[in-house]
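For reference, the structure discussed in these notes is given below.
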Amino acid sequence: MDSMEGSKIIMKKGNTIKFKIISILLPFIFLTIIELILRLFNFGYDTSVILIDHEYSDFCYLNQDLSKKYFTSEQLATSGNKDFFKRNKDTNTFRIFVLGGSSALGFPYNHNGSISRMIKYRLERNYPEMNFDVINCAMVGVNSYTVLDISKGIVDYQPDAIVIYMGHNEYYGALGVASTNKLGRNRNIVKTTIYLRKLRIFQALMKFREYIIKKLNPEPGEFKNRMERMADKNVPYKSEIYEAGIRQFDENLKEILQLFKQHNIPVFIGNIISNEKDQMPFESQLLEPHTNDKWYNLYTTSLDNFKKEEKDGAYQNLLAVNEIDSTYAMAQFLKGQLAYEQKKYAEAKRCMTNAKELDLVRFRAPEEINRSIQNGADKYKNYFVNIKEFFESRSPNGIIGKELVLEHLHPNIEGYHLIAECFVEAINKSQLIKSKYTEQSSTTLRFQYPLSIVDSIRGQYEIYMLKESWPFYEKIPDSVTSKGSYIEQIAGGLSVKQFTWNQAMAMLEEYYVKNNDKKGQLLVNEAFTLEYNFDPQFFIKAARLSDDIGNYERAAFYSKEAFYLSPTFENAKRAFLAYLKVDEPDNSIKFIDFAISNNTSNFDMPAFKKSVLRIIDLIKTLDKEPDNLNILKEIALTYELIGNQVGTQKYTELIKSKDPYFLVSSEHK
């Protein structure tokens, strides 16, 4: 064979290899082109966990389309809070991400009803020298798969701590093992599908799949709420599907905690609560069906006893029923109710917990989930927060019920405050925050917290609508359907999405303005400071209104926050005047120094500072000589000199309490 023929053979082989490579690559090139075209025409949605705000480019927030990534039907997808935070964390900021489902989000109140906002409110007052980002990444109807995926998307955003409250949605939540929105029990398949959802071409295929399913199986005409549409089947206690849900939670939780451990991010994870005392099981059956006539006869007789209010007979029959077979949820619950009435609280608690565990409709998480949470926290050296124990300590006779829970598992406002208090206490004890701690009364903070009456009533309406259909079937009270007060109308419109939360708060503020209710106006603007923590206008208004009603401590807090958001002479002036009114001249100095360096007025700031420094020295001396009336007089007169009438009055009254005849006024110097 000569060299020419050899060259031809080599060239032919080379062309064959190139052809094979091109043949292999061609489908990928074709798919890439389709993907680029879909993105060019803005088809589908961005699946990034965190998005950068278009208007305020320094700020980020949770992607409001993100849940579409986890629901097989986009119609069921939900959205979470929109908590803004800086892309680049400030040096004096402690950043917390909150993860979980609807309870972590604060359903049915949302916005300032969420535990994230309550945690932020408390921490800001416990550590006044620190700034706090508390970003809520929770969503309605999601479970540990979503929390795992979101966890991967937030580790690069400089979290100082993670707060987790989850566990109720492992069966019926998106990707739950007993949900209509499931992708099977193989975690690798589920996680791969979640990953592929970032591709627009995959989103198009999923939309096409959903379209075909609807064509083949059109939904019935009657209304179904999200709970009913997502629940696929009953989950008997200790059944195969029950165990699959526990395994799913265990494995996802393990991966979540491993991820944060690898990034040296501390995790505060709480166990979960549900209504055991006042929520009867949704559906019951014997775990081992049998034809024991005695059991059925006794149970039927016990129900007859209930109807006739023969409670002693009912209790005795239920004792016998449960001795034969104790796996019927309703029999356990009824026995628990009767034991509670007889003040046999330990027995009542045991029966009510059993009833929850045996409930076939598994919206309330089994106790296995709580054991997994505590075991995971211990294994990965995280902070376990015993929320259930705290709730039980605040519940009548140690059984959680309607006093703290709205329906089957969502806390009421008091309940959400308790969850926030649990997490804040755990964070305080951890000593992760390296700043001066200021003791604050939990009761006072709860009372002052800016959750409006509209938010509260809206939450009630949301629960009425939830419980109207499956699995509750409770009639909405007539008083709710009739036309209520103006505030109730705002809440009603908000609950049916007639207008947005912002619009509802604006309407409420307008109502308070018309009625010259400055406390109401303050509450609305405080609510806006939590919603728009980057906008100084709401902090300035909250500071002004606090000053108007004589709440100078709150005025100082909001003035300080307004200055940090917008460091101007006017905001510095507002802050140092507010701190002087609460007799904290030390805290006023940094704002006075800024005002001196950025003075845009004709005010003699150096002379003003000299007077304030004199007050600081006098107060230090007063600590050693608390009964020295001359020092008290000089402080009062110096405050009068700089125009601080509140400070003047405070020290004048203090002098009068010690010696009513001692002259204070500058006329008698």
Return yes when ASN602 is of a type outside the set (D, E, K, R) and free of Cβ contacts under 8 Å to residues at least 12 places away in the same chain and no when it is not.
-> yes
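Would you be able to tell me the number of residues in segment 369-384 that are within 28 Å of TYR340 (Cα to Cα) and surrounded by 20 or more Cβ atoms within 10 Å (Cβ to Cβ)?
Matching residues across segment 369-384 total 1.
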The one condition in (1) on the phi < 0 side of the Ramachandran plot; (2) out of contact with any Asp or Glu (no Cβ under 7 Å at 6 or more places or on another chain) that ASN264 fails to fulfil = (1)
Residue satisfying condition, being in the same structural domain as THR91 (by TED's automatic domain parsing), at pLDDT 95 or above and not hydrophobic (A, V, I, L, M, F, W, C), within set ASN169, ASN181 = ASN169
Looking at (1) under 17 Å from VAL155 (Cβ atoms); (2) modelled with pLDDT of 95 or more, which is the only condition SER114 fails?
-> (1)
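Can you report the number of residues in segment 414-448 which are closer than 23 Å to SER393 by Cα and either among the β-branched types (Val, Ile, Thr) or not in a helix (DSSP H, G or I) (or both)?
Count: 8.
Return the total of residues in segment 103-117 being of a type outside the set (Gly, Ala, Ser) and either assigned to a loop (DSSP other than H, G, I, E, B) or without any contact (Cβ under 8 Å) to a residue 24 or more places away in the chain (or both).
Residues meeting the conditions: 4.
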Here the residues within segment 422-440 that are of a type in the set (Lys, Arg) and in contact with a Phe, Trp or Tyr (Cβ under 8 Å, 6 or more places away or on another chain) are LYS436
Can you tell me which residues in segment 291-347 are among the charged types (D, E, K, R) and within 19 Å of ILE399 (Cβ to Cβ)?
-> LYS311, LYS335, GLU341, LYS343, LYS344, GLU347
For segment 425-432, indicate whether the set of residues that are in contact (Cβ under 8 Å) with a residue 40 or more places away in the chain, out of contact with any Asp or Glu (no Cβ under 8 Å at 6 or more places or on another chain), in the same structural domain as VAL177 (by TED's automatic domain parsing) and crowded, with 19+ Cβ neighbours inside 10 Å is non-empty.
-> yes
Determine which single condition VAL385 fails, assuming it passes every other condition in (1) within 30 Å of GLN248 (Cβ to Cβ); (2) β-branched (Val, Ile, Thr); (3) not assigned by TED's automatic domain parsing to the domain that holds SER102.
-> (3)
Is it the case that segment 644-659 has a residue that's more than 44 Å from the chain's Cα centre (by Cα), assigned to a loop (DSSP other than H, G, I, E, B) and at pLDDT below 95?
-> yes
For residues that are in a loop (DSSP other than H, G, I, E, B) and at pLDDT 95 or above, scanning just segment 449-471, find the one that is surrounded by the most Cβ atoms within 10 Å (Cβ to Cβ).
-> SER452
Within the bounds of segment 347-357, is there any residue that is assigned to a helix (DSSP H, G or I), crowded, with 22+ Cβ neighbours inside 10 Å and among the polar types (S, T, N, Q)?
-> yes
Regarding ASP586, is this residue part of a helix (DSSP H, G or I), under 48 Å from the mean Cα position of the chain (by Cα) and within 26 Å of PHE563 (Cβ to Cβ)?
-> yes
Among the candidates LEU577, LEU637, LEU632, single out the residue that is part of a helix (DSSP H, G or I), touching a residue at least 40 places away in the same chain (Cβ under 8 Å) and surrounded by 15 or more Cβ atoms within 10 Å (Cβ to Cβ).
-> LEU577
Can you name the residue in segment 124-154 that is in a helix (DSSP H, G or I) and among the polar types (S, T, N, Q) and, of all such residues, is surrounded by the fewest Cβ atoms within 10 Å (Cβ to Cβ)?
-> ASN126
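Within segment 169-213, take every residue that is under 16 Å from ILE256 (Cβ atoms) and in a loop (DSSP other than H, G, I, E, B) and give me the one that is nearest to the chain's Cα centre (by Cα).
Going through segment 169-213, the residues under 16 Å from ILE256 (Cβ atoms) turn out to be 169-170, 173, 175, 187, 190-191, 194.
So of that shortlist, the ones also in a loop (DSSP other than H, G, I, E, B) come out as 169-170, 173, 175.
Details: ASN169: 16, GLU170: 19, GLY173: 17, LEU175: 21 Å.
This residue is ASN169.
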Restricting segment 80-102 to residues that are surrounded by fewer than 16 Cβ atoms within 10 Å (Cβ to Cβ) and touching a residue at least 24 places away in the same chain (Cβ under 8 Å), the residue that is nearest to TYR165 (Cα to Cα) | THR93
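The values are calculated or read from the model by the stated rules, or taken from the named source; none is laboratory data. Because the structure is predicted, anything quoted here is derived from the model rather than measured. All Cβ positions, glycine included, derive from the backbone under ideal geometry; neighbour counts span all protein chains shown.
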